[in-house]
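Asks: Questions regarding the structure given below will be posed in turn.
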Amino acid sequence: MSCAWYAVQTKPRAEERVSRWLRERHNIRVFLPKLAVPKWRRQRRVTVIETLFPSYLFVWMSLDPGPWYAVKWTPGVRAIVTTGEVPVPVPDEAIHFLMDRSVDGGVIPWQPRYPAGSTVRVLRGPFAGLVGILERPTTRQERVRVLLSLLGRPTPVEVDILDLEEVS
């Protein structure tokens with residue numbers, strides 16, 4: 001049989017363990033996409049690596065009994081995603097889309113979700129509570145330029161992207 005990508009549901013927070021088990025014990029190709037997310041922790045900015053699809057990973061396998069049972073009976077696996085009893089292959093394009101955007105072992109860098117021109121509110125810092133227009137990203141990572149109305153005229157201010165929320 002030919003190989004394809006299949007989604008595997010794991011028990012909560014067991015993705016890493018299942019991934020390692022399948023690679024090391026059964027030599028099965030596994031893709032566990034993760035996302036590098038900037039967050040505030042104890043008033044410090046940190047980057048946290050989170051699983052992109054919690055409790056899911058992808059395996060490249062055929063539906064021959066050997067690989068099928070190896071995956072199905074791996075500790076921490078709940079199920080191979082199926083329709084009825086037939087495993088549903090994940091389109092190669094979807095996996096390659098994620099792989100092309102990932103660096104460093106399947107980690108996808110975080111991208112800000114607010115496009116230029118968005119109306120945003122500053123959440124922290126000296127401009128907290130002010131509403132402005134997102135002008136553009138700056139050359140410094142994770143910082144953006146926001147036009148705030150200060151002293152009766154639009155004034156460009158650089159702020160951390162985590163300190164903004166979109167105003168609808």
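Derivation of every value follows stated rules applied to the coordinates shown; laboratory data play no part. This one's a predicted model, so the numbers in the text were calculated from it and none came from an experiment. FYI the Cβ positions are ideal-geometry reconstructions off the backbone, even for glycines, and counts take in every protein chain you see.
Asks: Taking 25 °C and 0.890 mPa s as the conditions, I'd like the Stokes-Einstein D for the range 62-107 in µm²/s, using the Kirkwood hydrodynamic radius from alpha carbon pairs.
Replies: On the way: Rh = 12.7 Å.
Reported coefficient: 194 µm²/s.
Asks: Ok, one more. Mind checking which aspartates and glutamates have their C-alpha under 16 Å from Lys11, skipping anything on the same chain fewer than 8 residues away?
Replies: Glu50
Asks: Follow-up question, since we're still on this one. Antiparallel as a % of all DSSP beta bridges within the chain, to the nearest 5? Could you put the intermediate results ahead of the total?
Replies: Values: 44 of 47 bridges.
Rounded to the nearest five, the antiparallel share is 95 percent.
Asks: Related question: Out of Pro154, Val88, Val71, whose Cα points farthest toward the positive end of the dipole of the chain (charges: +1 Lys, Arg; -1 Asp, Glu; placed on Cβ)?
Replies: Result: Pro154.
Asks: In terms of modelled amide H atoms, which long-range or inter-chain residues lie less than 5 Å from the amide H of Val90?
Replies: Trp5, Tyr6, Ala7
Asks: Go from 0 up to the bin containing the longest alpha carbon distance in the range 1-68, width 10 Å each, and give me the % of pairs per bin.
Replies: 19, 42, 24, 11, 4, 0
Asks: Net charge within 14 Å of Tyr6 by Cβ-Cβ distance, Lys/Arg positive one each and Asp/Glu negative one each, not counting Tyr6 itself?
Replies: Working: positive: Arg29, Lys72, Arg78; negative: Asp64, Glu85, Asp92.
Taking every Cβ under 14 Å from that of Tyr6, the sum is 0.
Asks: Compute and list, largest first, the equivalent-ellipsoid semi-axes of the chain from the alpha carbon gyration tensor, each √(5λ) rounded to a whole angstrom. Display every interim value, and only then the final one.
Replies: Details: eigenvalues 387, 47, 33 Å².
Equivalent ellipsoid of the chain: 44, 15, 13 Å, largest first.
Asks: Once you keep just the Cα pairs under 8 angstrom separated by 6 or more residues, what percentage relative contact order results for the range 1-155?
Replies: On the way: 258 pairs, mean separation 36.4, N = 155.
With pairs under 8 Å counted, the relative contact order is 23 percent.
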